[in-house]
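The structure appears below as structure tokens.
Values in this text are rule-based calculations from the coordinates and carry no lab data. Here the structure is a predicted model, which means the values were calculated and not measured. When we count neighbours, we look across all protein chains shown, and the Cβ atoms used for this are built from the backbone with ideal geometry, even at glycine.
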């Protein structure tokens, strides 16, 4: 069994090379995602589209812009469920925190402790979503099953989950600092990253380890001539 450090290394390496191999597709679909989110109402469809692209890049290794639109049809209902559940949990948690803080004079230390507990519950929910979201894209696994399996994986690999969340935050900050990266690349890279988080943990539990050709790739491939092709 590989340690958390090795699992994280595989997650980061595969995310980097998959994003590099499908950079054009990720830029176009991330831009489409950002444009649709401006109108708010199509957000569930936009989420479905970008999740499908992330799945196709990381798992199927075959992704085009067309898969963004196909994802809206295949994952539309699941995406709507994910968005509604996430919004409900967020709003209820914030309302609970505000209530306990507002009533701190009456509840005293207990009120502050309950407010902190609500915040930690929200954090735990967000961490579990790192597994639930990619699992929801898998065929034959309903939304209920994705939630159940996702949170079991999160609790079984808390260290990997926390470290992956930290690296995802770093990736997001890096792309934000580039300016346009938050619009044209962050959604797609995030979808690919989450697929690899769930995929590597599942592979480790199954005892498969890393069988990807990315293990043999080096940074020299980033330089011309770009004649490398290690895709399976």
*Ranking of 93, 79 by count of other Cβ atoms within 10 Å, fewest first*: 93, 79
*Would you work out if segment 4-206 is rounded, prolate or oblate? Take a ≥ b ≥ c from the square roots of the eigenvalues of the alpha-carbon gyration tensor; rounded if a/c is under 1.5, else prolate when a/b is larger than b/c, oblate otherwise.*
prolate
_Sites residue 206 and residue 182, calculated FRET efficiency, Cβ-Cβ separation with R0 41 Å, nearest 0.05_ = 0.70
*Sorted from fewest to most neighbouring beta carbons within 10 Å, what does the list 139, 200 look like?*
139, 200
_With a 10 Å cut-off between alpha carbons and a GNM built on the chain, which of 105, 18, 96 moves the most?_
105
_Based only on other Cβ atoms within 10 Å, what is the fewest-to-most ordering of 151, 100, 20?_
20, 151, 100
_Cut-off 10 angstrom, C-alpha nodes, Gaussian network model of the chain. Which of 195, 129, 149 fluctuates the most?_
149
*Using 0.36 nm per residue of separation minus the Cα-Cα distance, give me the extension gain between residue 216 and residue 62 in nm, one decimal.*
53.4 nm
